[in-house]
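These notes concern the structure reproduced below.
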C-alpha cells in the first residue's frame, strides 16, 4: 500500500542537463565563481573543455606561451583519450564492454591502474567504497527516469547482491566479473585518475606550475606565480549560502563529494552517493573535501568518507600520510582533520 511518508523525489541532473548548464554559464566561469582558483599569475595559459560530463579547466604558467598552449592542448587530448577508455557512458569504452560481456582481455594500463586504486580504497573502507556499485545506481536511475519514486527495499536488496569488489577478478590484463549481473562504474575514482594523468603530461613538457580541475576534482603543482600558493575554495553544500572556506595548496590534489550534486530528494536524505553494502545513502555528511597526494586517491576518499560519516572518516584520514579532510555534517557542522588549515 502506498503511503505519503516517503520524501518527494527529485530527479538528478543528467549528462545532457550538465552540458546545457555549461553552455549557458560558460565552462570557465563555474570554477572561478566557486573560488576554485585565484586568477593571478602573469604569462598563464588557460583552457576549458567539456569532458566526462563536466567542465575541465587548465591553467599553465610559463614564459613560453606557445609551448604552454601546446602543452595544454596535449593535456586535454590525453584526458579525452582516457575518458574514451574509462567512461561507462560511452558504448565503445572498456568499462562498457566489461559491463556488457562480463569480461575484458588485454585491458589497458589505465583501467588496470584505476582498479588498483579502487581496490586499495575498498580494502581501506571495508567495502564502503566499491566500484561495482553500478547495479544499485542503475536501479535508482531507472526508477527516477520512469517517475516511479524510490526503489522498494526488496529491489535494493537484490541489487546489492550483485555488488562486491571481491568478485571483480583481475588476472594479468584480463578483468572479469565472478558474479552474474555485476556492473562497473568508475565515477568515484576515474575523474581523479584522469586529472592526475593530465598533470603528468604538463610535467613531462616541463611545466611545474599548473592547475588541472574537472568538476571540483583538482590537482595543483608548484604555485600560481611569484611563489604564491594556489588558493582553493570549498563550496557550501546548501543553496544560497556563501563559500564555506578557503585554503592554500601546493603539489597536492583536492576532491569534494556532496549530497547536493545529485540529490534524489529535496531534503538531501537520499542521493547518488550510496553505501554499496546497504544500497542506501549514508545519513551523516552533506559534503566531504579531501586533500591527498594524487587526485585519484582524493576522489575515491571523498566518496568513501561520505559513506563512513564524520567520526570514522576523520579518524581514517588522520592516519593517512599526506591526506587531510574537511567534512560538513547535515547540520553544517565542520569536522576536520588536525592538519587542515583554512584561511
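Just so you know, all these numbers are worked out from the coordinates, no wet-lab data involved. Keep in mind that this is a model prediction, so the values were computed, not measured. Backbone-built Cβ (ideal geometry, glycine too); neighbour counts: all protein chains shown.
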Region 94-177 shape via C-alpha gyration tensor axes, a/c threshold 1.5: prolate
Extended-chain gain in nm, criterion 0.36 nm per residue less alpha-carbon gap, residue 312 and residue 226: 27.0 nm
Value of [θ]222 nm, deg cm²/dmol, for the chain, DSSP H segments ≥ 4, -39500 (n - 2.57) each, nearest 500: -11000 deg cm²/dmol
On Cα atoms only, tilt of 65-86 relative to the major axis of the chain in degrees: 10 degrees
Cα centroid separation - region 184-260 against region 283-343, whole Å: 15 Å
Gaussian network model of the chain, Cα within-10 Å springs - most flexible of 154, 134, 165: 154
Within a Gaussian network of the chain (alpha carbon springs, distance under 10 Å), most fluctuating of 275, 223, 92: 92
Cα-projected label distance for residue 92 with residue 203, points at 7 Å along beta-carbon direction, nm: 3.2 nm
For the chain, alpha-carbon Rg relative to the globular expectation (2.2 N^0.38 Å, N residues): 0.97
Modelled FRET efficiency - R0 51 Å, residue 280 with residue 77, Cβ distances, 0.05 increments: 0.80
Footprinting exposure proxy for 330, 191 (fewest neighbouring C-beta atoms within 10 Å first): 330, 191
Whole-number percent relative contact order across the chain, with pairs defined as alpha carbons under 8 Å at least 6 apart: 18 percent
Zone residues, region 168-186, relative to residue 148, backbone N less than 20 Å from point 7 Å out along Cα-to-Cβ: 181-184
Two-decimal ratio, region 166-263, of alpha-carbon radius of gyration to 2.2 N^0.38 Å: 1.42
Residue of 142, 251, 130 that the Gaussian network model of the chain assigns the largest fluctuation, springs spanning Cα pairs under 10 Å: 142
